[in-house]
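The values are calculated or read from the model by the stated rules, or taken from the named source; none is laboratory data. All values derive from a computational prediction rather than experimental measurement. Backbone-built Cβ (ideal geometry, glycine too); neighbour counts: all protein chains shown. For accessibility, only protein heavy atoms count, side chains too; no ligands or nucleic acids. Shrake-Rupley method; radii C 1.70, N 1.55, O 1.52, S 1.80 Å.
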Amino acid sequence: MLKLNKLWKPIGVELVSKSICDLMTEVTYAMDIVYSLNPDGTPNFDKHEYVNPVGWDEWIKLPVRDWDLSIRSTHLHVRVPTVVITRDYSKVHEKKFKGKPTKEALFIRDNGIDAYTGRELEYEEATIDHVIPKHRGGTDTYDNTVLTTKKTNNEKGDRLNAEVGLKLLINPHNPKPIKVSHTIRKARHHDWEPFLIKPR
C-alpha cells in the first residue's frame, strides 16, 4: 500500500497488515477514492471525482465495490486501503546510494532509460551493464554502470562498446541523494497514480 505524509507526498510502501493496524490506531487515514463511471457502470480509473481521507470508523462503513480489494472477518467485510496518509508526519527523507550499484538505484538515476537506445525499459527487462566489462578492468561502480536489456548485455558480453558498435546515450555518474517521494515511480495499483511524482 502507498503511504503519504500529511502533505500528500509519497514516503513509502507498506504491507496491508501494517496499513490496517495504523488506520485502526489512528496513525493514518485511508484514502476513499471515488471514480467517474463509464456508461456501462464500470469505473473510469483515469478520472476520479474526489479523494477523501477517512478514519477507521468511517472506513468500515464504506461499501465494498466490485473493483475494490477487500478482506473479511467474522463480523466485517471491508475494503483494503490502497493509499494511506499520515495524520501528523510531514517529512520526506532522502535516499542515499551507497555501496555497489543496484538495478533499483540505476533505474532511479536514469529514469529507467536504456543507455544505448534511449528507450524506456520495464523494470523486469532491465539489467545492469558494465560499460567497461569487469574482465577488461572495469569497476563495479556507478560511473561504470548503466541500464540496458538482457539481450543487449548478452550480445555485448565481455567486449567494449566500440567493439560491438554500441554508443552511450547516458553519462554514467554517482547518483545524488534523492527524496524518497521521487523513488516510487511505478503505480502498483491504479489508486496510486494521482499521488506519484512523475520523472522529469
request  = Please go through region 1-17 and pick out each residue that is open to solvent by less than 90 Å² (accessible area, probe 1.4 Å) and either under 15 Å from Arg79 (Cα atoms) or of a type outside the set (Lys, Arg) (or both).
outcome  = Met1, Leu2, Leu4, Asn5, Pro10, Ile11, Gly12, Val13, Glu14, Val16, Ser17
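Residue check: is Tyr89 farther than 30 Å from Asn5 by Cα and either exposed (fewer than 12 other Cβ atoms within 10 Å of the Cβ) or under 24 Å from the mean Cα position of the chain (by Cα) (or both)? Talk me through it step by step, then tell me what you get.
Details: farther than 30 Å from Asn5 by Cα: no; either exposed (fewer than 12 other Cβ atoms within 10 Å of the Cβ) or under 24 Å from the mean Cα position of the chain (by Cα) (or both): yes.
In short, no.
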query = Among the residues of region 49-68 satisfying the criterion of being under 19 Å from Arg188 (Cβ atoms) and either touching a residue at least 24 places away in the same chain (Cβ under 8 Å) or β-branched (Val, Ile, Thr) (or both), which is surrounded by the most Cβ atoms within 10 Å (Cβ to Cβ)?
reply = Val51
remark   = Considering residues that are under 23 Å from the mean Cα position of the chain (by Cα), at pLDDT below 95 and either more than 17 Å from Lys186 (Cα to Cα) or of a type in the set (Ser, Thr, Tyr) (or both), the number found within region 106-149 is 1
remark   = The one condition Tyr89 fails out of (1) over 21 Å from Arg185 (Cβ atoms); (2) assigned to a strand (DSSP E or B); (3) among the aromatic types (Phe, Trp, Tyr) is (2)
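Every residue in region 38-48 that is part of a loop (DSSP other than H, G, I, E, B) and open to solvent by less than 100 Å² (accessible area, probe 1.4 Å), please.
Once the filter is applied, which keeps residues that are part of a loop (DSSP other than H, G, I, E, B) and open to solvent by less than 100 Å² (accessible area, probe 1.4 Å), region 38-48 yields Asn38, Gly41, Thr42.
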Members of region 69-86 that are part of a loop (DSSP other than H, G, I, E, B), of a type outside the set (Val, Ile, Thr) and open to solvent by 50 Å² or more (accessible area, probe 1.4 Å) = Leu69, Ser73, His75, Leu76
ask   = Is it the case that Phe97 is assigned to a loop (DSSP other than H, G, I, E, B), in contact (Cβ under 8 Å) with a residue 24 or more places away in the chain and in contact with a strand residue (DSSP E or B) (Cβ under 9 Å, 6 or more places away or on another chain)?
value = yes
request  = Those residues that are under 29 Å from Asn52 (Cα atoms) and out of contact with any helix residue (DSSP H, G or I) (no Cβ under 7 Å at 6 or more places or on another chain), I need them from region 167-185; list them, please.
outcome  = Lys179, Val180, Ser181, His182, Ile184, Arg185
task = Give the residue, chosen from Tyr35, Tyr29, that is open to solvent by 70 Å² or more (accessible area, probe 1.4 Å), among the hydroxyl-bearing types (Ser, Thr, Tyr) and either without any contact (Cβ under 8 Å) to a residue 60 or more places away in the chain or assigned to a strand (DSSP E or B) (or both).
result = Tyr29
